[in-house]
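One structure below.
The values are calculated or read from the model by the stated rules, or taken from the named source; none is laboratory data. What you are looking at is a predicted structure, and each value in this text was computed from that prediction instead of being measured. In case anyone asks, the SASA skips ligands and DNA or RNA and just uses the protein heavy atoms, side chains included. Shrake-Rupley method; radii C 1.70, N 1.55, O 1.52, S 1.80 Å.
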Amino acid sequence: LLYKPVDRVTRSTLVLHDLLKHTPVSHPDHPLLQDALRISQNFLSSINEEITPRRQSMTVKKGEVSLPGF
């Protein structure tokens with residue numbers, strides 16, 4: 001359930017990307033779509049930067065035993 005909001009932003013980012021691809025540069029919404037896409041991508045990047053170190057610290061190599069608190 002915790003990943004659901006992030007997944008929603010990810011899907012919205014993909015939709016914005018596709019919409020921007022099919023919006024002519026001369027259209028008045030084009031710069032707004034670019035801004036929305038940039039903001040969405042920056043948000044996802046910041047989440048990934050926060051999650052990556054935690055994920056690496058929780059990774060257990062094959063053959064190792066991970067004991068909580070040790």
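Remarks
- Among residues of segment 33-70 being modelled with pLDDT under 65 and basic (Lys, Arg), the one that is farthest from Leu16 (Cα to Cα) is Lys61.
- Taking segment 1-27 as the range and being open to solvent by less than 100 Å² (accessible area, probe 1.4 Å), over 13 Å from Phe43 (Cα atoms) and either part of a loop (DSSP other than H, G, I, E, B) or not charged (D, E, K, R) (or both) as the test, the residues that pass are Val15, Leu16, His17, Leu19, Leu20, Thr23, Pro24, His27.
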